[in-house]
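Report on one structure; see the data block that follows.
The values are calculated or read from the model by the stated rules, or taken from the named source; none is laboratory data. The structure displayed is predicted, hence computed values, not measured ones. Cβ placement follows ideal geometry from the backbone for every residue including glycine, while neighbour counts extend to all protein chains displayed. SASA here: full protein model, heavy atoms, side chains in, ligands and nucleic acids out. Shrake-Rupley method; radii C 1.70, N 1.55, O 1.52, S 1.80 Å.
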Amino acid sequence: MRLFLRLLFRNRLAGFGAVVLSVIVVLALVTPLLPLHPPNATDTANRFLRPLSEGHLLGTDHLGRDLLSRLLWGTRLSLAVGFAAAMIAAVIGATIGIVAGYAGGRTDNVTMRGVDMLMAFPYILLALAIVAALGPGLMNALIAVAVVNIPFFARNIRGVTVGLAHREFVDAARLSGMGHTRILLTEVLPNVVPVIVIAMSTTVGWMILETAGLSFLGLGSQPPQADLGSMLGEARGALITAPHTSIVPGVMILLIVMSINLLGDGVRDALDPRLRSGALARPMAATLVDRREPPPATPDDKSLLRIDGLRTEFRMGRRTAVAVGGVDLALAPGECVGLIGESGCGKSVAALSVMGLVASPPGVIAGGAVRLDGEDLVGAPYRRLRALRGNRVAYIFQDPLSTLHPLYTVGDQLAEAIRVHHPVSRGEAHARAVKLLEDVRIPNPASRAGAFPHELSGGMRQRVGIAMALANDPDIIIADEPTTALDVTVQAQVLKLLADLGRSRGLAILFITHDFGVVAQLCDRVAVMYAGRIVEEGPTAAVLTAPAHPYTARLIACVPELGGGRRRLEAIPGLPPAADDLPDGCAFAPRCAKVRPDCREGDVALEGTARKVRCLYPEPAERAAE
Amino acid sequence: MGAYILKRLVSAIPVLFGITVIVFLIMALIPGDPATAILGAYATPENVERLNRHLGLDRPLWQQYFVWVGNLVQGDFGRSFALNRPVLDEILDRFSATLVLAGTAFVLCALLGIVAGVVSAARQYGLADKAITAAVILGISVPSFFLGMMMILLFAVHLRWLPVSGMYSMFGGGDLPDLIRHLAMPAIALSLVATGVVARLTRANMLEVLRQDFIRTARAKGVHERRVIWGHALRAAMVSVIPILGLQAGFVLSGAVYIEIVFQWPGIGRMLVDAILKRDILLVQGGVVFVAACYVGFNILVDVAQAWLDPRIKT
């Protein structure tokens, strides 16, 4: 509760709303005690006095009545009516919702049908019909507004109750022989009350507005009694000659409704955990770059893609998590390199950083360089990145159901990928899209081009993902766990397809995975990542048969062997360190069986040329080969 | 698609039926009998009784209901005693005026609301976002009738840019430019609240969609950011925005009642308020049923648009 209030007031707008609303409510409460003119005392000699007149702070209306007094009394009435309507609607609506949701079955069905029926009316029609039947008057307007809002409460509360009705504690109460009424009152109701309160806080503003509206139409409070709506309605006749008589009550309604809305928004936001964690931020077109040091000098080599000292952070408020803490990796033309590691080790973030695709905020590239043919892409203008994305460097993502747009046909999505980089006609692009589907061995490519992603199987979808990556004949494909979401047989097909295509087209592939089997099958070289850094790198066969880093060795030991049982499966004890709390020295030290005191002191460098390892005491080749 | 439309049309029949029941029941609550209301307090008992028999009010409630609905289905909404004119004629005249006003306001709120919501989401926490958010808070809090009055004061009285009220000029008007000049203020005043709601929910849905994986895919393809936002993201967000537009149509229709009063617009909302004050029951009944039926029809259109946009909905 304390946290809630603190969050609420940290939201300045909500705080402002709370202050304004409390001032208005206090004024309305003490109105009878204030030294005011009687609100209904007419004084026709002093009609339409301007504000700040002698004895009349806000002036007088068309009958010479004191506007300030009428305003405060009207506010009192409007607030009372609005809150009363909200209470009635909440109580009746919640009762209907709880009973329907708890009873379920036919009761639920019939009740909710009735509620839907009421919702089929534009709200004012129903209110007007009720007032027409009961006759104009403030009480009737109140009833009308309350009735109109009952369906909203009934619906919301029913939804929550249905969720509760089959929870363990309700079942337990039922089994212990409690009656339905008692269960509803003692078990269900307390859990529903917060929802009712939130629903009220978001609708009470509306209800004040709606009753004011009915009074404005002359269907609510009747003279001489006046709420804010009827004050405005009466003042309308003199809008042009004495505008202040309209402005005064109008501004008051605006203030009340606005402060309630601000407060209601604040309440809702303070209760929404996603907002607290900042997860509602929208990723920008390219990852932010904030390099504190100039990028490392260009090494003179013939790599197609060269990542040097890449550092990508997630900055969330005061916390900074280092997802990628200085990664170096090179990719030669036509080469397939595997990047392997546990979930959360930063391999995907490193791969996405290449084309600035890390979600930002919170992602920031904080250092290093990514060079494509020697050109540094970190900090390159968006226009340049966009020209390269999908054109020279293409991505294949993990789950093709969520990574393909659900509302475009796969043909359109492929054609778009082509047209983004090539000025070809729609027909030409479509023809090429069909050809691409054929290249990835999708049967009936022409008709499949018209299918939506949800109409295809998982394997088919990933083939579409591969076709999309091939659309512009890129030099490099970055495949981010492309087979993880597929089942094993499909996985094998997709891998074979990728391997064939890579070879036949001379593609360089950066293959991100957590699966050594996949690496063995596909990759020329492999780099092992742990806690945001590469700990070992070398030719695939060499690393697999003789891992030099203890982590690699343990990781390989985790892989079950087919028909095996000869080797002990060993899980690695402990968990990888949190990215915002990395230990000094070797990040693997806390989990390493061979740790020595100096492992925890100072940075350990990645050493070697063809075989690189980041360890002070690498495994001897013979022992690891066992 | 055809089958889907047919299904939605069929499912509307019980809703329409329910609407007539609700309206009829509410009207049956009226204390006293309509004949007295029509003939006035000084009518003789014989006259009251004769009129009751003539109106069929001496029969049981359920019979009255079926007679009334039977007539409605045949297009006979009865006769307004205050206007001495068939209810349906009056409704059709007035509804066309409301349609012009509410239709314009609806198109405005949909276009402006969506554009503002998308811009706001695309520039989250930027200057445009803050400005739009502030405008939205103000927009959803101001009573439309008060806003209308203030607009009259500013644009019609002080600046003299636009006419104060009415649908056409009394003399020499009647053409389209004249209509547009009269329509401008009421349509804007009417659309403002709905625009705010649409903008706010569009923004929320856009923010939701922009974090999805397929947006990253579009960016990875090299799709221009403008097209990512206004194509890929907006299209996906529209799936949630369209039902909101359906709801807003109801709010616009409701708000039209106030705006028609403020701007003296000869629409069905003003007709209903007048009819209530004069206790012209048949006119109220007919008007409410007619507008509610139109709203149901509109919501079918919304559902069809939704199904057309989202291929996953079909069947």
Worksheet item: Roughly what would the spin-label model give for A:Leu189 and A:Ala557, points 7 Å off Cα along C-beta, in nm?
Response: 6.1 nm
Worksheet item: What value, in deg cm²/dmol to 500, does the helix sum -39500 (n - 2.57) over DSSP H runs of n ≥ 4 give at 222 nm once divided by the residues of the protein assembly as shown?
Response: -18500 deg cm²/dmol
Worksheet entry | A:Thr609 versus A:Lys496: modelled label distance in nm, points set 7 Å from Cα along the beta carbon direction | 4.0 nm
Worksheet item: Residue by residue, what Karplus-based ³J(HN,Hα) values in Hz, rounded to whole numbers, does the stretch A:51-62 have, using 6.51, -1.76 and 1.60 with θ = phi - 60° and x for Gly and Pro?
Response: x, 6, 6, 4, x, 10, 4, 9, x, 10, 9, 5
Fill in: Label point at B:Glu225 placed 7 Å out along Cα→Cβ; residues across the stretch A:380-410 whose backbone nitrogen lies under 14 Å
A:380-387
Worksheet entry | Per residue accessible area of the stretch B:97-314, 1.4 Å probe, in Å² | 38 Å²
Practice prompt. For A:Arg441, put the label point 7 Å out on the Cα→Cβ axis and report which residues of the stretch A:475-515 keep their amide N under 18 Å from it.
Written response: A:482-484, A:486-507
Discussion item. Which three extents, in angstrom, do the Cα atoms of the protein assembly as shown have along their principal axes, listed largest first?
Written reply: 118, 75, 65
Discussion item. From Cα pairs below 8 angstrom and at least 6 apart in sequence, can you work out the relative contact order of chain A, rounded to a whole percent?
Written reply: 11 percent
Response to the item:
Taking R0 as 25 Å and r as the Cβ-Cβ distance between B:Ala134 and A:Val19, the FRET efficiency 1/(1 + (r/R0)^6), rounded to the nearest 0.05, comes to 0.90
Practice prompt. Kindly tabulate the residues in the stretch A:118-154 with an accessible-area decrease of at least 50 Å² between the chain alone and the assembly of all protein chains, using a probe of 1.4 Å.
Written response: A:Ala120, A:Phe121, A:Pro122, A:Tyr123, A:Ile124, A:Leu125, A:Leu128, A:Ala129, A:Ala132, A:Ala133
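Ignoring ligands, DNA and RNA, what percent of the accessible area of the stretch B:2-79 is carbon or sulfur (1.4 Å)? Kindly include the intermediate steps, with their values, before the conclusion.
On the way: 3420 of 5090 Å².
Using a 1.4 Å probe with all protein chains present, the stretch B:2-79 comes out at 67 percent carbon and sulfur.
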Fill in: Positions from the stretch A:382-406 whose accessible area shrinks by 10 Å² or more when the full protein complex is built, not the chain alone, probe 1.4 Å
A:Tyr382, A:Arg386, A:Arg389, A:Gly390, A:Tyr395, A:Phe397, A:Ser402, A:Thr403, A:His405, A:Pro406
Practice prompt. With only Lys, Arg, Asp and Glu charged, each at its Cβ (+1 for the first two, -1 for the last two), find how big the charge dipole of the protein assembly as shown is about the Cα centre; round to the nearest 20 debye.
Written response: 320 debye
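For the protein assembly as shown, give the share of DSSP beta bridges that are antiparallel, in percent and rounded to the nearest 5; count only bridges with both residues there. Don't skip to the end; give the middle numbers.
Values: 33 of 54 bridges.
Approximately 60 percent, going by the DSSP bridge assignments.
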Discussion item. Under 5 Å between amide hydrogens, which residues at least 5 positions from A:Tyr530 or on another chain qualify, with H placed 1.01 Å from N in the peptide plane?
Written reply: A:Val535
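What's the total accessible area buried between chains A and B, using a 1.4 Å probe, rounded to the nearest 100 Å²?
On the way: alone 30990 and 17760 Å², together 41960 Å².
In total, this chain pair buries about 6800 Å².
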Response to the item:
Here the residues of the stretch A:415-453 lying in the modelled label zone of A:Ser504, meaning backbone nitrogen under 18 Å from a point 7 Å along Cα-to-Cβ, are A:432-446
Discussion item. Applying a 10 Å radius around every beta-carbon, put A:37-44, A:525-532 in order of their mean neighbour count, most first.
Written reply: A:525-532, A:37-44
Item to complete: Report in % the part of the accessible area of chain A that belongs to carbon and sulfur, leaving out ligands and nucleic acids; probe 1.4 Å.
Response: 59 percent
Item to complete: Could you list which residues have their amide H under 5 Å from that of A:Tyr395, counting only those 5 or more apart in sequence or on another chain, with H placed in the peptide plane?
Response: A:Gly390, A:Ile478
Practice prompt. For the stretch A:181-225, list whatever residues lose no less than 20 Å² of accessible surface once every protein chain is in place, relative to that chain by itself, with the probe at 1.4 Å.
Written response: A:Trp206, A:Leu209, A:Gly213, A:Phe216, A:Leu217, A:Leu219
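Tell me the per residue accessible area of the stretch A:292-339 using a 1.4 Å probe; a whole number in Å² is fine.
Numbers: 2510 Å² over 48 residues.
Here the per-residue accessible area is 52 Å².
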Fill in: Pair A:Ala41, A:Ala593: separation of 7 Å Cα→Cβ label points (nm)
9.6 nm
Worksheet, complete the sentence: Per residue, accessible area of the stretch A:354-449 with a 1.4 Å probe, heavy atoms of protein chains only, in Å², comes to 38 Å²
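Taking R0 as 22 Å, what's the FRET efficiency between B:Leu277 and A:Phe83 from their Cβ-Cβ distance, rounded to 0.05?
Details: r = 27 Å, r/R0 = 1.25.
For R0 = 22 Å, the calculated efficiency reads 0.20.
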Worksheet item: Got a sec to turn the phi values of the stretch A:22-28 into Karplus ³J(HN,Hα) couplings, 6.51 cos²θ - 1.76 cosθ + 1.60 with θ = phi - 60°, whole Hz, x for Gly and Pro?
Response: 5, 4, 5, 5, 4, 4, 5
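Residues of B:270-278, mean number of Cβ from any other protein chain within 10 Å of their own Cβ, rounded to a whole number? Please report the intermediate quantities before stating the final value.
Working: counts 1, 0, 6, 8, 0, 2, 10, 7, 0.
That works out to 4 on average.
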Worksheet item: Say we join alpha carbon atoms closer than 10 Å with springs in a Gaussian network model of chain B; which of B:Arg216, B:Arg200, B:Arg235 then has the biggest fluctuation?
Response: B:Arg216
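R0 = 22 Å: FRET efficiency of A:His454 with A:Glu428, Cβ-based, nearest 0.05? List each step's numbers first, then the result.
Values: r = 27 Å, r/R0 = 1.25.
It comes to 0.20.
Counting only protein heavy atoms and a 1.4 Å probe, tell me what percentage of the stretch B:256-315's accessible area is made up of carbon and sulfur. Could the numbers behind the result be given before it?
Details: 1270 of 1970 Å².
Looking at the stretch B:256-315 in its full context, I get 65 percent from C and S.
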Worksheet item: A:Leu304's amide H: which non-local residues (gap 5+, or another chain) put their own amide H closer than 5 Å, with H modeled 1.01 Å from N in plane and none for Pro or chain starts?
Response: A:Leu331, A:Ala332
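Which of the DSSP-defined H helices in chain B satisfy a minimum axial length of 30 Å, computed from C-alpha atoms, and a minimum mean Kyte-Doolittle hydropathy of 1.0? Spell out each step's value before the answer.
Details: long enough: B:2-28 (39 Å, 1.99); B:87-122 (50 Å, 1.73); B:176-210 (43 Å, 1.08); B:234-262 (39 Å, 1.69); B:281-309 (42 Å, 1.78).
Those that clear 30 Å and a mean of 1.0 are B:2-28, B:87-122, B:176-210, B:234-262, B:281-309.
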